1. Residue B:70: which lysines have alpha carbons under 26 Å from its alpha carbon, excluding same-chain residues fewer than 8 sequence positions away?
2. At the nearest 100 Å², what buried accessible area, both sides summed, do you get for B and A when the probe is 1.4 Å?
3. Note the full-extension length gain between residue A:79 and residue A:60 as 0.36 nm times their separation in residues minus their Cα-Cα distance, in nm to one decimal.
4. Under 27 Å between alpha carbons: how many lysine pairs meet that in chain A, if sequence neighbours fewer than 8 apart on the same chain are excluded?
5. Can you work out the Karplus-derived ³J(HN,Hα) for every residue in the range B:51-65? Use 6.51 cos²θ - 1.76 cosθ + 1.60 with θ = phi - 60°, whole Hz, and x for glycine or proline.
6. Under the Kirkwood approximation applied to all pairs of distinct alpha-carbon atoms, what is the hydrodynamic radius of the range A:1-103 in Å?
7. Amide H to amide H under 5 Å from residue A:31: which residues, 5+ apart in sequence or cross-chain, H placed 1.01 Å off N in plane?
8. At a probe size of 1.4 Å, how large is the accessible area of residue B:105, to the nearest 10 Å²?
Amino acid sequence: DGGITQSPKYLFRKEGQNVTLSCEQNLNHDAMYWYRQDPGQGLRLIYYSQIVNDFQKGDIAEGYSVSREKKESFPLTVTSAQKNPTAFYLCASSMRQGANYGYTFGSGTRLTVV
Amino acid sequence: AQKVTQAQTEISVVEKEDVTLDCVYETRDTTYYLFWYKQPPSGELVFLIRRNSFDEQNEISGRYSWNFQKSTSSFNFTITASQVVDSAVYFCALSVPLETSGSRLTFGEGTQLTVNP
């Protein structure tokens, strides 16, 4: 079955460490996205990519980095520069063209800084 | 800039009650799409409905119905005869086309619905 796989489901990080969240899709979607979810704040866009080897900053990109070397993969690195990284992270994908396609979401990664 | 407002942070109802979740949006685009997603405790967002800016017909799907009114920039969601399994966070979202290609999806802050037995 087609879908998005995020791993790990739970991740613990020590302060000062970088961590990478995995996102893989087999939907043949061109566009991929990373969102951060905090309680009471909805989902905020971190980075998005419309095509391989290209990506754009979203609303809260500071302290994060991404790469898009393959169509299927869009890993997110949470760097030590991110001041408050504890949150729920959701990856999504969509068809590239047009605003009418809904997004397919992964099941998320819950990151906790200890 | 786009904005989606869900003024109801939390709603609690008793099973079989009807409940309406409000959504108000802002955009300067004339072509846009509105969505509702459900987020159960497992965390994954589940797509419920999509509506484009040129189609103001209301839609009913089983116990779910949606009321889209461009005049008030609202896209409200009603659950009839609510059930415990409806308990979840519900997000309203707005999608607008980007200048180059693709789209950008902006979410509201979500409404936590709790249906008590």
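1. B:3, B:38
2. Numbers: alone 6780 and 6350 Å², together 11240 Å².
Between B and A, the summed buried area is about 1900 Å².
3. Working: separation 19, 0.36 × 19 = 6.84 nm, distance 1.32 nm.
Working it through step by step, the gained length comes to 5.5 nm.
4. Final tally of qualifying lysine pairs is 9.
5. 9, 8, 5, 9, 10, 9, 5, 6, 10, 10, 9, x, 8, 9, 8
6. Working: mean 1/r = 0.0715 Å⁻¹.
After inverting the pairwise mean of 1/r, the radius is 14.0 Å.
7. A:94, A:96
8. 10
The values are calculated or read from the model by the stated rules, or taken from the named source; none is laboratory data. Since the structure is predicted, the reported quantities are computational estimates derived from the model, not experimental observations. Here Cβ is always computed from backbone atoms with ideal geometry, including for glycine, and neighbour counts include all displayed protein chains. What goes into the accessible areas is simple: the full protein's heavy atoms, side chains included, and nothing from ligands, DNA or RNA. Shrake-Rupley method; radii C 1.70, N 1.55, O 1.52, S 1.80 Å.
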